[in-house]
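K.L.:
Sharing a structure below in structure tokens format, with a few things to ask.
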Amino acid sequence: MIRGVRGATTIEVDQPELIWEATAQLVQEMVQANKIEVEHIASVTVSTTTDIVSAFPAKAVRTLEGWQYVPIMCMHEMDVAGALPLCIRVLMLVNTTVAQKDVQHIYLNEAVSLRPDLVR
């Protein structure tokens, strides 16, 4: 069965190194918290708020060891007034037997405000 694992983080300023570092940290924490094996990942979608334009966050994921064959796509979120700025979101589709209620979604930095009900 495929389950969605969500995560989000924020960066201080739009700089490539910060984007890559924050994205890699988020993805690694998502994988660790859910005991995900790379071979079980169907795809990853990474979105950013429209104020992030200096680098593709997917580059950070593609350079992780063993991730070169995982389908990864980047896009921008809707530009909604009052939205959390400088935010990177990840949706990872994973083959797993874990129940939906037991999936651990990861929210870091200012992104904890997006889903406080899911932050553990």
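Bear in mind that the values in this text are calculations on the coordinates, not laboratory data. If you're wondering where the values come from, they're calculated on a predicted model, not measured in any experiment. Reconstructed Cβ throughout: ideal geometry from the backbone, glycine too, with neighbour counts over all protein chains shown.
K.L.:
Counting only DSSP beta bridges with both residues in region 2-113, what percent are antiparallel, rounded to the nearest 5?
P.N.:
70
K.L.:
Compute the helix-to-body angle for 16-34: its Cα long axis versus the longest principal axis of the chain, expressed 0 to 90° and rounded to tens.
P.N.:
30
K.L.:
So what is the relative contact order for the chain, in percent, with contacts set as C-alpha pairs under 8 Å and at least six apart?
P.N.:
43
K.L.:
Ok, one more. Taking only DSSP H segments of four or more residues, each worth -39500 (n - 2.57), what value at 222 nm results for the chain once the sum is divided by all its residues, to the nearest 500 deg cm²/dmol?
P.N.:
My calculation for the chain gives -6000 deg cm²/dmol from helical runs alone.
K.L.:
Compute the Cα gyration tensor for the chain, then decide on rounded, prolate or oblate, letting a ≥ b ≥ c be the square roots of its eigenvalues: rounded whenever a/c is under 1.5, prolate when a/b is larger than b/c in the other cases, and oblate in all that remain.
P.N.:
oblate
K.L.:
Among ARG6, ARG115, which comes first, then next, by fewest other beta-carbon atoms within 10 Å?
P.N.:
On the way: ARG6 17, ARG115 14.
With the fewest neighbours first, ARG6, ARG115 line up as ARG115, ARG6.
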